[in-house]
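The values are calculated or read from the model by the stated rules, or taken from the named source; none is laboratory data. In this text, all values refer to a predicted model and were calculated from it rather than measured experimentally. Please note: Cβ atoms are built from the backbone with ideal geometry, for glycine as well, and neighbour counts cover all protein chains shown. Calculation scope for accessible area: heavy atoms of the full protein, side chains included, ligands and nucleic acids excluded. Shrake-Rupley method; radii C 1.70, N 1.55, O 1.52, S 1.80 Å.
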Amino acid sequence: GDKDVLAVADDVEAVVKNIAGPSKISLLRLTDGPPTQRPISIKVRGNGYEEILADVEFLEEFMEKHPHINNVSNDYRKGNTELVLKHNGDAIKRAGLTPCIVNRAIALYVDGEVVSDFTYQSEEVKVRVKPLLEQLGDTENILRESLSLPDGRTIPIRELVHAEFGLGTYNIRHHDFRRAVTVQADIDKSQIDTVSANQLITEHWQQSINQFPTIDLDFSGELDDIEESLDAIVILFLLGLGLMYIILGTQFRSYWQPAMILLSVPLAFIGVVCGLLATGDPLSLYTMYGMVALAGIAVNAAIVLISAANDRMASGMNALHATLYAARRRVIPVFITSATTIAGLFSLAAGLFGRSLIWGPVATAIVWGLAFSSFLTLIFIPLVYYVSMRRVKIDETTQQPDPPVS
């Protein structure tokens, strides 16, 4: 559970903090998906890293103080130590040189220059002249090297540039054509949910809009996974209903009867809602996957009822007698079919031999939905069938006396 994972994480973090060396510790928890990303994942976008990192610090300070948000980290990494040289324009002009000459001289000391090339065994070979590393020593020696001036004098490179030592950038990440730093964190799901945590951060960030006018936030993480999964579920559900309608339409040769059969799908969803209320489980993505699968199972009882009623009407019965006959003769097959499916999934739904966080909600949705839909279908589908078919006229040449209904 989340509490056990957080307890172990706290113990590991306490042990690692006693080891000399690390300045920041972050833990990665591997979970099944979707969602696969961390609950809080915010892309801080801006034009320059100075302002971006200031806003990142502002957000991280808030999240680290919040009792239900933990393991805060970001993907910004400092690069290696570098020497930054900027032209001293006045000094270069007084010396009678140009910036291009200064650049070429520094490049010769650092990277050398290709002075010739030739072909050897069908391969091009370039000859590069470089100074010996032993003679350069370090960057200070490069700045001490001299350049010859047009009047015969020499001047050290140090006097022609402004030298600054600093840290380079490890990598430059972009999101939607702007520089971005991603801030991530975990939450205690027993105390706060993903949506509420991101909403708290958004409200806190609103206080810094005037301080960071060029910065904007892009919330991703679990929210992106959830939205993407919901979009996929809706598309798959509508596609499934469309395919079922087409198949049923070709079999029953009717536009209305397939729609009548699909009425059993919302009846099954009523069972899912009742099941969630009874078990106290939340409406999760896996439950919705089960509802999509349930849509294809729940229509079986309606298909059996309407097919039987159509057969009796084709043999000469009127709508009332055909509806009663189908409801009476198909009640046992419908219950047996539903009972075998429910029995097969019951142990998985109830978690008798260990509860599955992925397949358990899927089985729960199917079991509760199928149990309710089987019962409600035997009541509502015959009523809808009789109301819609009672005005259908039977050809008198094929009319047969109605058999007694017992």
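Pairs meeting the criteria (first residue in segment 93-117 and under 18 Å from Asp151 (Cα atoms), second residue assigned to a strand (DSSP E or B) and not hydrophobic (A, V, I, L, M, F, W, C), beta carbons under 7 Å, at least 6 apart or on different chains) are Pro99/His87; Val102/His87. Going by what's in this entry, would Thr323 be described as in contact with a Pro (Cβ under 6 Å, 6 or more places away or on another chain) and assigned to a helix (DSSP H, G or I)? Spelling it out, Thr323 is indeed in contact with a Pro (Cβ under 6 Å, 6 or more places away or on another chain) and assigned to a helix (DSSP H, G or I). For segment 145-153, check the following and say yes or no: at least one residue is touching a helix residue (DSSP H, G or I) at 6+ places or on another chain (Cβ under 9 Å), of a type outside the set (Ser, Thr, Tyr) and either within 30 Å of Arg77 (Cα to Cα) or assigned to a helix (DSSP H, G or I) (or both). Looking for residues that are touching a helix residue (DSSP H, G or I) at 6+ places or on another chain (Cβ under 9 Å), of a type outside the set (Ser, Thr, Tyr) and either within 30 Å of Arg77 (Cα to Cα) or assigned to a helix (DSSP H, G or I) (or both), one finds none in segment 145-153, hence no.
Leu283 fulfils the conditions (1) open to solvent by 60 Å² or more (accessible area, probe 1.4 Å); (2) in contact (Cβ under 8 Å) with a residue 12 or more places away in the chain; (3) assigned to a loop (DSSP other than H, G, I, E, B) except for a single criterion, (2). Looking at this structure, is Leu320 modelled with pLDDT under 85 and among the hydrophobic types (A, V, I, L, M, F, W, C)? Taking the combined requirement at face value, the residue does not satisfy it. Mind listing whichever residues of segment 64-113 are of a type in the set (S, T, N, Q), out of contact with any strand residue (DSSP E or B) (no Cβ under 7 Å at 6 or more places or on another chain) and in a loop (DSSP other than H, G, I, E, B)? Thr98, the sole residue that qualifies. Quick check: anything in segment 150-167 under 18 Å from Glu51 (Cβ atoms) and either open to solvent by less than 40 Å² (accessible area, probe 1.4 Å) or of a type outside the set (Ser, Thr, Tyr) (or both)? Within segment 150-167 (the criterion being under 18 Å from Glu51 (Cβ atoms) and either open to solvent by less than 40 Å² (accessible area, probe 1.4 Å) or of a type outside the set (Ser, Thr, Tyr) (or both)), the answer is yes, since at least one residue qualifies. Hey, could you check segment 100-126 for residues that are hydrophobic (A, V, I, L, M, F, W, C) and more than 29 Å from Lys86 (Cα to Cα) and say which is least open to solvent (accessible area, probe 1.4 Å)? Per the criteria, the residue is Val125. Taking Leu217, is it open to solvent by 70 Å² or more (accessible area, probe 1.4 Å) and either in a helix (DSSP H, G or I) or not small (Gly, Ala, Ser) (or both)? When the stated conditions are applied, Leu217 does not pass them.
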